[in-house]
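Input: a single structure, listed below in structure tokens.
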Amino acid sequence: MSPVQPVATEVTPASLREVMSRFATGVVVLTVGGENPHGMTANAFSSVSLDPPTVLCCIGHSAVMHSALTRAGRFGVSVMSAEQEETTRYFADKKRPLGPAQFERIDWLPGPGTGAPLLSGALAWLECEVTAAHEVGDHSVFLGEVVSAMNGAAGEGLLFYEGRFRRTGATTTATGGR
């Protein structure tokens, strides 16, 4: 099999989306609490620094979450398990109810540091205080200092790859060997 030779093409939103679909990402649900709570599925999320503990998330200017997070100045992160695909799809659906109603059918607890909803069944949770926001094209990159980090139960992670949700794979336990 001969290797595929890269060919440069014009970068359009559609071509960039297609190329970036080949980059597997984890899936989180970002949440803000308060009087106008909101949740949003995201895969543009990453760890930035261990000292100080900092993460980033990228949110489109037109997303309801953009204004909600800008107002709240703090957010929760639920790292989604493979078993939470339905919940993940729910928070990606623009037709779901807004405000407190969107959390009525979801099992969650308020984060101890921010009050942001943390979704039950997640693999892990973070709570963050926004330390900076940078406008980049049609998105903002929000940096958040982690004020609380907690692990949930072990399980398979939920990935997004080539426009579909995928599982991280079976968890295996090594036996024998060194």
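The values are calculated or read from the model by the stated rules, or taken from the named source; none is laboratory data. Fair warning: this is a prediction, and the values are worked out from it, not measured in the lab. Reconstructed Cβ throughout: ideal geometry from the backbone, glycine too, with neighbour counts over all protein chains shown. Heavy atoms of the whole protein, side chains included, go into the accessibility calculation; ligands, DNA and RNA do not. Shrake-Rupley method; radii C 1.70, N 1.55, O 1.52, S 1.80 Å.
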### Task
Kindly indicate whether any position in region 112-128 is assigned to a loop (DSSP other than H, G, I, E, B), hydroxyl-bearing (Ser, Thr, Tyr) and either surrounded by 16 or more Cβ atoms within 10 Å (Cβ to Cβ) or modelled with pLDDT of 95 or more (or both).
yes
### Message
Can you find a residue that is open to solvent by less than 20 Å² (accessible area, probe 1.4 Å) and either over 15 Å from residue 27 (Cβ atoms) or among the hydroxyl-bearing types (Ser, Thr, Tyr) (or both) anywhere in region 155-171?
### Response
no
#### Entry: Residues within region 82-103 that are open to solvent by 80 Å² or more (accessible area, probe 1.4 Å) and part of a loop (DSSP other than H, G, I, E, B), tallied
3
### Task
Looking only at region 35-45, decide whether some residue is without any contact (Cβ under 8 Å) to a residue 24 or more places away in the chain and open to solvent by 30 Å² or more (accessible area, probe 1.4 Å).
yes
### region 22-33 residues that are closer than 8 Å to residue 78 by Cβ, paired with ones that are open to solvent by 20 Å² or more (accessible area, probe 1.4 Å) and not in a strand (DSSP E or B) (beta carbon under 8 Å, 6 or more apart)
28/43; 29/87
### Message
Being at pLDDT 95 or above and not β-branched (Val, Ile, Thr) is the requirement here; does residue 78 meet it?
### Response
yes
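Yes/no per residue for (1) farther than 22 Å from residue 25 by Cα; (2) among the aliphatic types (A, V, I, L, M):
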| site | (1), (2) |
| --- | --- |
| 53 | no, no |
| 75 | no, no |
| 89 | no, no |
| 102 | yes, no |
| 118 | no, yes |
### Message
One residue is enough: does region 40-57 have a residue meeting the conditions in a loop (DSSP other than H, G, I, E, B), out of contact with any Pro (no Cβ under 6 Å at 6 or more places or on another chain) and at pLDDT 95 or above?
### Response
yes
